[in-house]
Amino acid sequence: MVSRVIPVDPFDLVIFGGTGDLARRKILPGLFRRYCAGQIEGDVRITGAARTEMDSEGYREMVAEAIAEADPQAARQSEHLAAFLDMLGYVVVDATGEAGWAELARLSRPDRIRAYYFSVAPSLFGPLAERLHQHGLTDGAARIVVEKPFGRDLASAQELNAVLAKHFHENQIYRIDHYLGKETVQNLMAIRFGNMLFEPLWNSQYVDHIQITVAEVVGVGTRGDYYDRAGAMRDMMQNHLMQLLCLIAMEPPAKFNPDAVRDEKLKVIRALDPVGPDDVVRGQYQGARNRPGYRNQVGNRDSTTESFVALRARISNWRWAGTPFYLRTGKRLKERASEIAVVFKDAPHSIFGEEAGRHRNILTIKLQPNEGIELGVTIKEPGPGGMRLIDVPLDMTFAEALGPEEADFPDAYERLIMDVIRGNQTLFMRGDEVEEAWAWTDAVIAGWEARGDDPLPYDTGSSGPDDALMLMHRDGRRWREIKA
Ligand code: NAD
(Lines give C-alpha, C1' and ligand atoms only; values in the text may rest on other atoms or scores of the structure.)
Protein backbone atom coordinates (compact mmCIF):
# COMPACT_ATOMS: atom_id res chain seq x y z
CA MET A 1 0.00 0.00 0.00
CA VAL A 2 1.41 3.37 -0.93
CA SER A 3 -0.25 6.48 0.43
CA ARG A 4 -1.84 8.86 -2.00
CA VAL A 5 -0.40 12.32 -1.65
CA ILE A 6 -2.71 14.99 -2.97
CA PRO A 7 -0.79 18.16 -3.81
CA VAL A 8 -2.06 21.36 -2.26
CA ASP A 9 -2.76 24.42 -4.40
CA PRO A 10 0.21 26.72 -4.96
CA PHE A 11 0.60 29.16 -2.09
CA ASP A 12 2.72 31.94 -0.67
CA LEU A 13 3.87 31.46 2.90
CA VAL A 14 5.58 34.10 5.00
CA ILE A 15 7.22 32.83 8.17
CA PHE A 16 7.60 35.64 10.68
CA GLY A 17 10.37 34.46 12.97
CA GLY A 18 11.76 32.47 10.03
CA THR A 19 15.23 32.39 11.59
CA GLY A 20 14.03 31.19 15.00
CA ASP A 21 14.27 27.83 16.69
CA LEU A 22 10.81 26.58 15.77
CA ALA A 23 11.21 27.56 12.11
CA ARG A 24 14.59 25.82 11.89
CA ARG A 25 13.64 22.67 13.77
CA LYS A 26 10.07 22.09 12.66
CA ILE A 27 8.48 24.39 10.10
CA LEU A 28 11.13 24.46 7.37
CA PRO A 29 12.24 20.81 7.59
CA GLY A 30 8.54 19.90 7.62
CA LEU A 31 7.88 21.89 4.46
CA PHE A 32 10.84 20.23 2.82
CA ARG A 33 9.53 16.77 3.63
CA ARG A 34 6.15 17.69 2.17
CA TYR A 35 7.95 18.92 -0.93
CA CYS A 36 9.84 15.61 -1.24
CA ALA A 37 6.55 13.75 -0.80
CA GLY A 38 5.09 15.65 -3.78
CA GLN A 39 2.53 17.55 -1.76
CA ILE A 40 4.03 20.96 -2.52
CA GLU A 41 4.48 21.68 -6.18
CA GLY A 42 4.21 24.45 -8.75
CA ASP A 43 4.79 28.11 -8.19
CA VAL A 44 5.17 28.25 -4.43
CA ARG A 45 6.96 31.00 -2.56
CA ILE A 46 8.17 30.68 1.02
CA THR A 47 9.55 33.83 2.59
CA GLY A 48 11.44 33.99 5.85
CA ALA A 49 10.74 37.28 7.62
CA ALA A 50 12.59 38.21 10.79
CA ARG A 51 14.73 40.84 12.37
CA THR A 52 17.99 38.98 11.75
CA GLU A 53 20.06 40.77 9.10
CA MET A 54 20.66 38.45 6.14
CA ASP A 55 19.84 38.17 2.44
CA SER A 56 17.94 35.47 0.58
CA GLU A 57 21.13 33.62 -0.31
CA GLY A 58 22.18 33.55 3.34
CA TYR A 59 18.70 32.37 4.29
CA ARG A 60 18.80 29.47 1.85
CA GLU A 61 22.14 28.41 3.36
CA MET A 62 20.68 28.64 6.86
CA VAL A 63 17.65 26.57 5.83
CA ALA A 64 19.84 23.92 4.15
CA GLU A 65 21.80 23.59 7.39
CA ALA A 66 18.63 23.46 9.45
CA ILE A 67 17.22 20.66 7.28
CA ALA A 68 20.51 18.73 7.45
CA GLU A 69 20.39 18.97 11.22
CA ALA A 70 16.72 18.15 11.65
CA ASP A 71 16.49 15.40 9.06
CA PRO A 72 19.85 14.23 7.66
CA GLN A 73 18.17 11.51 5.61
CA ALA A 74 15.83 13.91 3.82
CA ALA A 75 18.64 16.41 3.30
CA ARG A 76 20.49 13.82 1.20
CA GLN A 77 17.83 14.21 -1.49
CA SER A 78 20.01 16.90 -3.05
CA GLU A 79 17.99 17.38 -6.24
CA HIS A 80 14.86 18.00 -4.22
CA LEU A 81 16.78 20.20 -1.82
CA ALA A 82 18.06 22.54 -4.55
CA ALA A 83 14.56 22.91 -6.03
CA PHE A 84 13.05 23.48 -2.60
CA LEU A 85 15.62 26.13 -1.72
CA ASP A 86 14.74 27.91 -4.97
CA MET A 87 11.29 28.58 -3.52
CA LEU A 88 12.77 30.40 -0.56
CA GLY A 89 13.46 34.07 -0.05
CA TYR A 90 14.11 36.34 2.90
CA VAL A 91 13.07 39.81 3.95
CA VAL A 92 14.37 41.66 7.00
CA VAL A 93 11.19 42.68 8.79
CA ASP A 94 10.52 44.39 12.07
CA ALA A 95 7.13 43.48 13.52
CA THR A 96 7.07 46.67 15.53
CA GLY A 97 8.63 49.04 12.96
CA GLU A 98 8.48 49.88 9.29
CA ALA A 99 11.43 47.82 8.03
CA GLY A 100 10.56 45.28 5.38
CA TRP A 101 6.80 45.85 5.09
CA ALA A 102 6.82 47.58 1.73
CA GLU A 103 8.86 44.69 0.36
CA LEU A 104 6.46 42.09 1.80
CA ALA A 105 3.52 43.95 0.27
CA ARG A 106 5.31 44.09 -3.08
CA LEU A 107 5.95 40.33 -3.00
CA SER A 108 2.36 39.50 -2.16
CA ARG A 109 0.36 37.96 -5.00
CA PRO A 110 -3.32 38.76 -4.58
CA ASP A 111 -4.61 35.74 -6.49
CA ARG A 112 -2.80 33.37 -4.15
CA ILE A 113 -3.56 31.53 -0.95
CA ARG A 114 -1.37 33.52 1.40
CA ALA A 115 -0.43 32.20 4.82
CA TYR A 116 1.39 34.20 7.48
CA TYR A 117 2.97 32.07 10.17
CA PHE A 118 3.48 34.01 13.42
CA SER A 119 6.45 32.03 14.77
CA VAL A 120 7.43 34.85 17.10
CA ALA A 121 6.79 35.82 20.71
CA PRO A 122 3.05 36.27 21.40
CA SER A 123 3.65 39.95 22.27
CA LEU A 124 4.26 40.43 18.52
CA PHE A 125 0.98 38.84 17.35
CA GLY A 126 -0.92 42.14 17.70
CA PRO A 127 1.72 44.32 15.96
CA LEU A 128 1.98 41.78 13.12
CA ALA A 129 -1.79 41.70 12.59
CA GLU A 130 -1.86 45.51 12.66
CA ARG A 131 0.91 45.88 10.08
CA LEU A 132 -0.52 43.23 7.78
CA HIS A 133 -3.71 45.27 7.86
CA GLN A 134 -1.94 48.58 7.21
CA HIS A 135 -0.30 47.08 4.13
CA GLY A 136 -3.51 45.67 2.74
CA LEU A 137 -2.57 42.04 3.33
CA THR A 138 -5.57 40.85 5.35
CA ASP A 139 -8.03 40.11 2.53
CA GLY A 140 -9.94 36.83 2.34
CA ALA A 141 -7.05 34.97 0.68
CA ALA A 142 -4.89 35.59 3.75
CA ARG A 143 -4.73 33.40 6.81
CA ILE A 144 -2.56 33.54 9.92
CA VAL A 145 -1.07 30.76 11.98
CA VAL A 146 -0.41 31.53 15.62
CA GLU A 147 1.76 29.54 17.98
CA LYS A 148 1.40 28.73 21.62
CA PRO A 149 1.27 30.14 24.23
CA PHE A 150 -2.06 31.71 23.39
CA GLY A 151 -2.29 33.94 26.46
CA ARG A 152 -1.37 33.17 30.06
CA ASP A 153 -4.89 33.45 31.46
CA LEU A 154 -8.42 34.19 30.33
CA ALA A 155 -7.96 37.96 30.24
CA SER A 156 -4.81 37.87 28.09
CA ALA A 157 -6.33 35.24 25.76
CA GLN A 158 -9.41 37.44 25.32
CA GLU A 159 -7.15 40.38 24.59
CA LEU A 160 -5.21 38.38 21.98
CA ASN A 161 -8.41 37.15 20.38
CA ALA A 162 -9.72 40.71 20.23
CA VAL A 163 -6.49 42.02 18.65
CA LEU A 164 -6.56 39.34 15.95
CA ALA A 165 -10.31 39.71 15.40
CA LYS A 166 -9.83 43.38 14.55
CA HIS A 167 -8.30 42.41 11.23
CA PHE A 168 -9.09 38.74 10.65
CA HIS A 169 -12.22 36.63 10.63
CA GLU A 170 -12.18 33.57 12.86
CA ASN A 171 -12.00 31.42 9.71
CA GLN A 172 -8.65 33.05 8.86
CA ILE A 173 -7.06 32.31 12.25
CA TYR A 174 -5.26 29.00 12.80
CA ARG A 175 -4.26 28.51 16.44
CA ILE A 176 -1.80 25.65 16.51
CA ASP A 177 -1.77 22.87 19.06
CA HIS A 178 0.61 20.42 17.50
CA TYR A 179 -0.79 17.53 19.57
CA LEU A 180 -3.87 17.70 17.38
CA GLY A 181 -1.74 17.16 14.28
CA LYS A 182 -0.50 13.78 15.44
CA GLU A 183 -1.57 10.87 13.30
CA THR A 184 -2.74 8.89 16.32
CA VAL A 185 -4.91 11.67 17.62
CA GLN A 186 -6.84 11.67 14.39
CA ASN A 187 -6.88 7.93 14.46
CA LEU A 188 -8.52 8.16 17.84
CA MET A 189 -11.45 9.84 16.11
CA ALA A 190 -11.43 7.24 13.32
CA ILE A 191 -11.48 4.44 15.88
CA ARG A 192 -14.29 6.01 17.88
CA PHE A 193 -16.52 7.09 15.04
CA GLY A 194 -15.54 4.71 12.23
CA ASN A 195 -16.21 1.48 14.14
CA MET A 196 -19.28 0.07 15.78
CA LEU A 197 -17.12 -1.63 18.37
CA PHE A 198 -16.14 1.16 20.73
CA GLU A 199 -18.72 3.90 20.73
CA PRO A 200 -21.47 1.89 22.50
CA LEU A 201 -19.02 1.28 25.34
CA TRP A 202 -17.68 4.84 25.43
CA ASN A 203 -19.44 6.06 28.56
CA SER A 204 -19.50 5.82 32.33
CA GLN A 205 -21.41 2.57 32.27
CA TYR A 206 -18.45 0.72 30.76
CA VAL A 207 -15.44 2.98 31.26
CA ASP A 208 -13.98 2.93 34.76
CA HIS A 209 -11.65 5.87 34.23
CA ILE A 210 -9.37 7.51 31.73
CA GLN A 211 -5.72 8.46 32.20
CA ILE A 212 -3.83 10.98 30.12
CA THR A 213 -0.08 11.24 30.65
CA VAL A 214 2.36 13.55 28.92
CA ALA A 215 5.76 12.84 30.49
CA GLU A 216 9.03 14.48 29.53
CA VAL A 217 12.57 13.55 30.51
CA VAL A 218 14.00 16.98 29.82
CA GLY A 219 13.94 19.84 32.30
CA VAL A 220 13.16 23.44 31.46
CA GLY A 221 16.46 23.82 29.57
CA THR A 222 16.97 27.33 28.24
CA ARG A 223 13.29 28.24 28.50
CA GLY A 224 13.56 28.89 32.25
CA ASP A 225 12.48 32.52 32.06
CA TYR A 226 9.29 31.76 30.20
CA TYR A 227 8.57 28.52 32.02
CA ASP A 228 8.88 29.95 35.51
CA ARG A 229 6.11 32.40 34.66
CA ALA A 230 3.96 29.64 33.18
CA GLY A 231 4.40 26.23 34.83
CA ALA A 232 3.05 22.86 33.77
CA MET A 233 -0.59 23.86 34.21
CA ARG A 234 -0.37 26.73 31.72
CA ASP A 235 2.31 25.29 29.46
CA MET A 236 0.84 21.81 28.94
CA MET A 237 -2.43 21.16 30.76
CA GLN A 238 -4.45 24.12 29.48
CA ASN A 239 -3.74 23.25 25.85
CA HIS A 240 -2.34 19.81 24.99
CA LEU A 241 -3.92 17.68 27.72
CA MET A 242 -7.18 19.61 27.56
CA GLN A 243 -7.39 19.07 23.81
CA LEU A 244 -6.80 15.33 24.21
CA LEU A 245 -9.44 15.18 26.93
CA CYS A 246 -11.90 16.91 24.61
CA LEU A 247 -11.35 14.48 21.75
CA ILE A 248 -11.77 11.51 24.05
CA ALA A 249 -14.85 12.84 25.80
CA MET A 250 -16.76 14.71 23.10
CA GLU A 251 -20.06 13.57 21.64
CA PRO A 252 -19.95 12.35 18.04
CA PRO A 253 -20.09 15.45 15.84
CA ALA A 254 -22.67 15.25 13.05
CA LYS A 255 -19.92 15.78 10.49
CA PHE A 256 -16.16 15.79 10.49
CA ASN A 257 -16.00 19.48 9.77
CA PRO A 258 -14.26 22.22 11.73
CA ASP A 259 -17.18 23.81 13.50
CA ALA A 260 -19.04 20.58 14.21
CA VAL A 261 -15.93 19.09 15.88
CA ARG A 262 -15.04 22.26 17.73
CA ASP A 263 -18.59 22.79 19.00
CA GLU A 264 -18.45 19.34 20.59
CA LYS A 265 -15.04 19.98 22.15
CA LEU A 266 -16.27 23.25 23.59
CA LYS A 267 -19.21 21.49 25.26
CA VAL A 268 -16.78 19.16 27.04
CA ILE A 269 -14.80 22.04 28.53
CA ARG A 270 -18.00 23.72 29.61
CA ALA A 271 -19.12 20.56 31.38
CA LEU A 272 -15.95 20.24 33.46
CA ASP A 273 -16.49 20.45 37.22
CA PRO A 274 -14.41 22.84 39.30
CA VAL A 275 -11.24 21.13 40.55
CA GLY A 276 -11.13 20.95 44.37
CA PRO A 277 -8.05 20.96 46.63
CA ASP A 278 -8.03 17.14 46.83
CA ASP A 279 -8.12 16.83 43.06
CA VAL A 280 -4.76 18.37 42.24
CA VAL A 281 -1.09 17.71 43.03
CA ARG A 282 1.77 19.93 41.96
CA GLY A 283 5.45 19.07 41.96
CA GLN A 284 8.86 20.57 41.30
CA TYR A 285 11.89 18.48 40.32
CA GLN A 286 14.98 18.19 42.46
CA GLY A 287 18.53 18.07 41.14
CA ALA A 288 20.41 14.84 40.59
CA ARG A 289 24.18 14.37 40.39
CA ASN A 290 25.27 16.91 37.78
CA ARG A 291 21.75 17.91 36.81
CA PRO A 292 20.47 21.06 38.48
CA GLY A 293 17.12 21.13 40.21
CA TYR A 294 14.24 23.25 38.97
CA ARG A 295 14.91 26.32 41.11
CA ASN A 296 18.59 26.37 40.15
CA GLN A 297 17.77 25.97 36.52
CA VAL A 298 15.32 28.85 36.37
CA GLY A 299 17.52 31.00 38.61
CA ASN A 300 14.77 31.60 41.15
CA ARG A 301 15.49 30.18 44.62
CA ASP A 302 11.98 30.85 45.85
CA SER A 303 10.08 29.70 42.80
CA THR A 304 6.74 28.09 43.54
CA THR A 305 6.06 27.24 39.89
CA GLU A 306 5.17 23.61 39.20
CA SER A 307 7.10 21.47 36.75
CA PHE A 308 4.58 18.67 37.34
CA VAL A 309 0.85 18.64 37.78
CA ALA A 310 -1.59 15.78 38.22
CA LEU A 311 -5.30 16.22 38.59
CA ARG A 312 -8.62 14.48 38.66
CA ALA A 313 -11.17 16.02 36.35
CA ARG A 314 -14.85 15.26 36.25
CA ILE A 315 -17.22 15.93 33.41
CA SER A 316 -20.77 16.57 34.50
CA ASN A 317 -22.80 15.28 31.61
CA TRP A 318 -24.96 12.29 30.81
CA ARG A 319 -22.14 10.31 29.22
CA TRP A 320 -19.36 10.81 31.76
CA ALA A 321 -20.91 11.42 35.19
CA GLY A 322 -19.08 8.99 37.49
CA THR A 323 -16.02 8.38 35.29
CA PRO A 324 -13.00 10.36 36.46
CA PHE A 325 -10.32 11.59 34.08
CA TYR A 326 -6.83 11.56 35.59
CA LEU A 327 -4.40 13.87 33.86
CA ARG A 328 -0.70 14.36 34.57
CA THR A 329 2.21 16.03 32.91
CA GLY A 330 5.69 16.88 34.04
CA LYS A 331 9.33 17.38 33.27
CA ARG A 332 12.37 15.30 34.35
CA LEU A 333 10.24 12.20 34.71
CA LYS A 334 11.52 8.67 34.21
CA GLU A 335 10.77 8.39 30.50
CA ARG A 336 9.47 10.44 27.62
CA ALA A 337 6.08 8.92 27.06
CA SER A 338 2.67 10.30 26.21
CA GLU A 339 -0.43 8.20 26.16
CA ILE A 340 -4.13 8.10 26.76
CA ALA A 341 -5.50 4.99 28.46
CA VAL A 342 -9.19 4.19 28.44
CA VAL A 343 -9.63 1.69 31.27
CA PHE A 344 -12.82 -0.32 30.97
CA LYS A 345 -14.68 -1.74 33.94
CA ASP A 346 -14.25 -5.28 35.20
CA ALA A 347 -16.59 -7.90 33.81
CA PRO A 348 -19.59 -7.98 36.18
CA HIS A 349 -18.96 -11.56 37.21
CA SER A 350 -16.02 -13.90 36.73
CA ILE A 351 -17.11 -17.37 35.72
CA PHE A 352 -13.49 -18.48 36.21
CA GLY A 353 -13.44 -17.85 39.94
CA GLU A 354 -11.22 -15.82 42.23
CA GLU A 355 -7.99 -17.51 41.21
CA ALA A 356 -8.33 -16.28 37.62
CA GLY A 357 -7.56 -12.82 38.96
CA ARG A 358 -8.82 -9.43 37.93
CA HIS A 359 -8.64 -8.55 34.26
CA ARG A 360 -9.85 -5.53 32.40
CA ASN A 361 -9.67 -4.17 28.91
CA ILE A 362 -7.53 -1.12 28.35
CA LEU A 363 -7.42 0.83 25.13
CA THR A 364 -4.11 2.67 24.98
CA ILE A 365 -3.48 5.45 22.52
CA LYS A 366 0.26 6.13 22.40
CA LEU A 367 1.34 9.53 21.20
CA GLN A 368 5.09 9.46 21.73
CA PRO A 369 7.76 8.38 21.27
CA ASN A 370 6.09 5.79 19.02
CA GLU A 371 2.57 6.42 17.85
CA GLY A 372 0.14 3.54 17.94
CA ILE A 373 -3.00 2.10 19.44
CA GLU A 374 -3.21 -1.03 21.54
CA LEU A 375 -6.19 -2.87 22.95
CA GLY A 376 -5.55 -5.09 25.93
CA VAL A 377 -7.73 -8.19 25.86
CA THR A 378 -7.96 -11.14 28.22
CA ILE A 379 -7.33 -14.63 26.88
CA LYS A 380 -6.56 -18.06 28.22
CA GLU A 381 -2.92 -18.66 28.92
CA PRO A 382 -1.94 -21.24 26.29
CA GLY A 383 -1.07 -24.77 27.31
CA PRO A 384 -2.23 -27.20 29.95
CA GLY A 385 -2.89 -26.22 33.53
CA GLY A 386 -6.50 -25.24 33.51
CA MET A 387 -8.16 -21.93 32.85
CA ARG A 388 -5.54 -19.33 33.67
CA LEU A 389 -6.17 -15.91 32.20
CA ILE A 390 -3.64 -13.45 30.85
CA ASP A 391 -3.85 -10.02 29.27
CA VAL A 392 -2.34 -9.59 25.83
CA PRO A 393 -2.21 -6.53 23.65
CA LEU A 394 -3.87 -6.41 20.26
CA ASP A 395 -1.34 -4.11 18.70
CA MET A 396 -2.50 -1.63 16.12
CA THR A 397 0.89 0.05 15.74
CA PHE A 398 0.83 1.47 12.27
CA ALA A 399 4.34 0.54 11.22
CA GLU A 400 3.64 -3.18 11.51
CA ALA A 401 0.06 -3.25 10.38
CA LEU A 402 0.35 -1.04 7.34
CA GLY A 403 3.88 -1.46 6.07
CA PRO A 404 6.69 1.08 6.09
CA GLU A 405 5.35 3.41 3.38
CA GLU A 406 2.00 3.92 5.06
CA ALA A 407 3.61 4.34 8.44
CA ASP A 408 5.87 7.10 7.13
CA PHE A 409 3.20 9.69 7.79
CA PRO A 410 3.80 13.42 8.07
CA ASP A 411 4.68 14.73 11.48
CA ALA A 412 2.26 17.03 13.26
CA TYR A 413 3.67 20.31 11.96
CA GLU A 414 3.75 19.07 8.37
CA ARG A 415 0.15 18.00 8.47
CA LEU A 416 -1.04 21.16 10.18
CA ILE A 417 0.75 23.48 7.75
CA MET A 418 -0.81 21.59 4.83
CA ASP A 419 -4.21 21.97 6.54
CA VAL A 420 -3.64 25.72 6.73
CA ILE A 421 -3.03 25.82 2.98
CA ARG A 422 -6.07 23.63 2.34
CA GLY A 423 -8.15 25.90 4.58
CA ASN A 424 -9.15 23.13 6.97
CA GLN A 425 -9.48 24.33 10.56
CA THR A 426 -10.69 21.07 12.14
CA LEU A 427 -7.42 20.46 13.97
CA PHE A 428 -6.97 24.05 15.14
CA MET A 429 -8.38 25.63 18.25
CA ARG A 430 -11.19 28.11 17.92
CA GLY A 431 -11.08 31.33 19.94
CA ASP A 432 -13.97 30.38 22.24
CA GLU A 433 -12.42 26.98 22.99
CA VAL A 434 -9.17 28.57 24.07
CA GLU A 435 -10.96 31.05 26.27
CA GLU A 436 -13.10 28.37 27.90
CA ALA A 437 -10.00 26.27 28.60
CA TRP A 438 -8.36 29.28 30.22
CA ALA A 439 -11.41 29.99 32.37
CA TRP A 440 -11.18 26.45 33.77
CA THR A 441 -7.39 26.64 34.16
CA ASP A 442 -7.55 30.03 35.90
CA ALA A 443 -9.93 28.61 38.49
CA VAL A 444 -7.59 25.69 39.23
CA ILE A 445 -4.64 28.05 39.62
CA ALA A 446 -6.65 30.50 41.73
CA GLY A 447 -7.51 27.57 44.02
CA TRP A 448 -3.92 26.68 44.84
CA GLU A 449 -2.87 30.32 45.04
CA ALA A 450 -5.60 31.01 47.58
CA ARG A 451 -4.53 27.99 49.63
CA GLY A 452 -0.86 28.98 49.37
CA ASP A 453 0.06 25.42 48.36
CA ASP A 454 3.69 24.99 47.36
CA PRO A 455 4.67 22.35 44.83
CA LEU A 456 6.01 19.12 46.32
CA PRO A 457 9.58 18.10 45.51
CA TYR A 458 10.14 15.02 43.37
CA ASP A 459 13.25 13.25 42.17
CA THR A 460 14.60 13.60 38.68
CA GLY A 461 13.85 10.31 36.90
CA SER A 462 10.83 9.48 39.06
CA SER A 463 7.10 9.39 38.28
CA GLY A 464 6.46 12.66 40.11
CA PRO A 465 5.59 13.30 43.77
CA ASP A 466 4.15 10.43 45.84
CA ASP A 467 1.02 12.46 46.44
CA ALA A 468 0.25 12.14 42.73
CA LEU A 469 0.23 8.35 43.17
CA MET A 470 -2.04 8.79 46.18
CA LEU A 471 -4.47 10.83 44.07
CA MET A 472 -5.42 7.59 42.35
CA HIS A 473 -4.75 5.16 45.21
CA ARG A 474 -7.39 6.90 47.27
CA ASP A 475 -9.88 6.00 44.55
CA GLY A 476 -8.66 2.39 44.48
CA ARG A 477 -6.91 2.90 41.14
CA ARG A 478 -3.37 3.35 39.99
CA TRP A 479 -1.45 5.15 37.33
CA ARG A 480 -0.01 3.16 34.52
CA GLU A 481 3.74 2.96 34.53
CA ILE A 482 5.43 5.75 32.58
CA LYS A 483 7.03 3.68 29.84
CA ALA A 484 8.19 4.59 26.35
P1 NAD B 1 13.13 32.23 18.77
O2 NAD B 1 13.47 33.20 19.86
O3 NAD B 1 14.10 31.13 18.47
O4 NAD B 1 12.88 33.02 17.42
C5 NAD B 1 12.19 34.23 17.39
C6 NAD B 1 12.16 34.76 15.97
O7 NAD B 1 11.43 35.98 15.99
C8 NAD B 1 13.51 35.07 15.35
O9 NAD B 1 13.47 34.72 13.99
C10 NAD B 1 13.61 36.59 15.50
O11 NAD B 1 14.42 37.20 14.49
C12 NAD B 1 12.18 36.97 15.30
N13 NAD B 1 11.85 38.28 15.88
C14 NAD B 1 12.05 38.72 17.15
N15 NAD B 1 11.62 39.99 17.27
C16 NAD B 1 11.15 40.36 16.06
C17 NAD B 1 10.57 41.55 15.55
N18 NAD B 1 10.38 42.65 16.31
N19 NAD B 1 10.19 41.55 14.27
C20 NAD B 1 10.36 40.49 13.46
N21 NAD B 1 10.89 39.34 13.90
C22 NAD B 1 11.29 39.28 15.17
O23 NAD B 1 11.69 31.66 19.15
P24 NAD B 1 11.06 30.22 18.75
O25 NAD B 1 11.53 29.23 19.76
O26 NAD B 1 11.29 29.94 17.33
O27 NAD B 1 9.52 30.45 19.06
C28 NAD B 1 8.65 31.18 18.20
C29 NAD B 1 7.22 31.05 18.68
O30 NAD B 1 6.83 29.69 18.65
C31 NAD B 1 6.99 31.52 20.12
O32 NAD B 1 5.69 32.03 20.23
C33 NAD B 1 7.07 30.22 20.91
O34 NAD B 1 6.35 30.30 22.13
C35 NAD B 1 6.42 29.27 19.95
N36 NAD B 1 6.79 27.87 20.14
C37 NAD B 1 8.08 27.46 19.99
C38 NAD B 1 8.40 26.14 20.16
C39 NAD B 1 9.81 25.64 19.98
O40 NAD B 1 10.01 24.41 20.05
N41 NAD B 1 10.79 26.48 19.73
C42 NAD B 1 7.41 25.20 20.48
C43 NAD B 1 6.10 25.63 20.61
C44 NAD B 1 5.80 26.97 20.43
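The values are calculated or read from the model by the stated rules, or taken from the named source; none is laboratory data. All of these numbers come straight from a predicted model, not from anything done at the bench. All Cβ positions, glycine included, derive from the backbone under ideal geometry; neighbour counts span all protein chains shown. For accessibility, only protein heavy atoms count, side chains too; no ligands or nucleic acids. Shrake-Rupley method; radii C 1.70, N 1.55, O 1.52, S 1.80 Å.
Things to note:
- If you go through the range 40-76 and keep only what is at pLDDT 95 or above, more than 16 Å from the ligand (Cβ to nearest atom), over 24 Å from P110 (Cβ atoms) and not aliphatic (A, V, I, L, M), you end up with just E57.
- Yes/no for E335 being under 25 Å from the mean Cα position of the chain (by Cα), of a type in the set (D, E) and in the same structural domain as L241 (by TED's automatic domain parsing): yes
- When the range 131-149 is filtered for residues that are modelled with pLDDT of 95 or more and within 20 Å of H240 (Cα to Cα), the ones remaining, listed by number, are V145, V146.
- In summary, D139 fulfils each of the numbered conditions (1) away from the ligand (no atom under 13 Å from the Cβ); (2) in contact with a Pro (Cβ under 8 Å, 6 or more places away or on another chain); (3) closer than 25 Å to Q368 by Cα with the single exception of condition (3).
- Screening F32 against (1) in a loop (DSSP other than H, G, I, E, B); (2) within 26 Å of G100 (Cβ to Cβ) leaves a single unmet condition, (1).
- Candidates in the range 455-484 are the residues that are open to solvent by 90 Å² or more (accessible area, probe 1.4 Å) and touching a helix residue (DSSP H, G or I) at 6+ places or on another chain (Cβ under 9 Å); of these, the one that is farthest from R328 (Cα to Cα) is R474.
- Cβ-Cβ under 8 Å pairs, at least 6 apart or on other chains, the range 14-40 side more than 13 Å from M418 (Cα to Cα), far side part of a strand (DSSP E or B) and away from the ligand (no atom under 15 Å from the Cβ): V14/R114; V14/A115
- The residue pairs whose first member lies in the range 78-101 and is more than 9 Å from the ligand (Cβ to nearest atom), whose second member is at pLDDT 95 or above and of a type in the set (D, E), and whose beta carbons are closer than 7 Å, counting only pairs six or more residues apart or on different chains, are Y90/D55; V91/E103.
- Selection status of D442, at pLDDT 95 or above, among the charged types (D, E, K, R) and either assigned by TED's automatic domain parsing to the domain that holds A70 or open to solvent by less than 30 Å² (accessible area, probe 1.4 Å) (or both): no
- Restricting attention to the range 11-44 and to residues that are out of contact with any helix residue (DSSP H, G or I) (no Cβ under 7 Å at 6 or more places or on another chain) and surrounded by 16 or more Cβ atoms within 10 Å (Cβ to Cβ), the residue that is farthest from Q172 (Cα to Cα) turns out to be A37.
- Among (1) modelled with pLDDT of 95 or more; (2) under 25 Å from K182 (Cβ atoms); (3) among the aromatic types (F, W, Y) - the single one Y294 does not satisfy: (2)
- Every condition in (1) buried (at least 23 other Cβ atoms within 10 Å of the Cβ); (2) touching a Pro at 6+ places or on another chain (Cβ under 8 Å); (3) not in a helix (DSSP H, G or I) is met by D235 except one, and the failing one is (3).
- Contact map, the range 446-473: residues that are closer than 13 Å to Q284 by Cβ paired with residues that are assigned to a helix (DSSP H, G or I) and charged (D, E, K, R), Cβ distance under 6 Å, separation 6+ or inter-chain. Pairs shown: L456/D467.
- Criterion: assigned by TED's automatic domain parsing to the domain that holds A450 and either in contact with a Gly (Cβ under 7 Å, 6 or more places away or on another chain) or of a type in the set (S, T, N, Q) (or both) - qualifying residue of G276, G299: G299
- Qualifying residue in the range 197-207 (condition: among the aromatic types (F, W, Y), in contact with a helix residue (DSSP H, G or I) (Cβ under 9 Å, 6 or more places away or on another chain), under 17 Å from R328 (Cβ atoms) and modelled with pLDDT under 95): no
- For the range 114-131, filtered to residues that are of a type outside the set (G, A, S) and crowded, with 19+ Cβ neighbours inside 10 Å, the residue that is nearest to the ligand (Cβ to nearest atom) is V120.
- Strands (runs of 3 or more DSSP E) enclosed by the range 324-400 - at least 1 residues per element that are open to solvent by less than 60 Å² (accessible area, probe 1.4 Å) and small (G, A, S): 325-330, 337-344, 372-380
- Condition met for S123 (closer than 30 Å to S156 by Cα and touching an Asp or Glu at 6+ places or on another chain (Cβ under 8 Å)): no
- Selection count, the range 142-178, where residues are assigned to a loop (DSSP other than H, G, I, E, B), over 23 Å from E103 (Cβ atoms) and away from the ligand (no atom under 13 Å from the Cβ): 3
- Considering the range 155-201, the residues that are aromatic (F, W, Y) and closer than 16 Å to R262 by Cβ include one that is surrounded by the fewest Cβ atoms within 10 Å (Cβ to Cβ), namely F193.
Yes or no, residue by residue, for (1) open to solvent by 50 Å² or more (accessible area, probe 1.4 Å); (2) more than 23 Å from E414 (Cβ to Cβ):
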{"residue": "D55", "(1), (2)": "yes, yes"}
{"residue": "Y59", "(1), (2)": "no, no"}
{"residue": "M62", "(1), (2)": "no, no"}
{"residue": "H80", "(1), (2)": "yes, no"}
{"residue": "M87", "(1), (2)": "no, no"}
{"residue": "V91", "(1), (2)": "no, yes"}
{"residue": "T96", "(1), (2)": "yes, yes"}
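- Looking across the range 3-39 at every residue that is under 22 Å from I144 (Cβ atoms) and charged (D, E, K, R), the one that is farthest from the ligand (Cβ to nearest atom) is identified as D9.
- Test: R312 is touching a Phe, Trp or Tyr at 6+ places or on another chain (Cβ under 7 Å), at pLDDT 95 or above and not in a loop (DSSP other than H, G, I, E, B): yes
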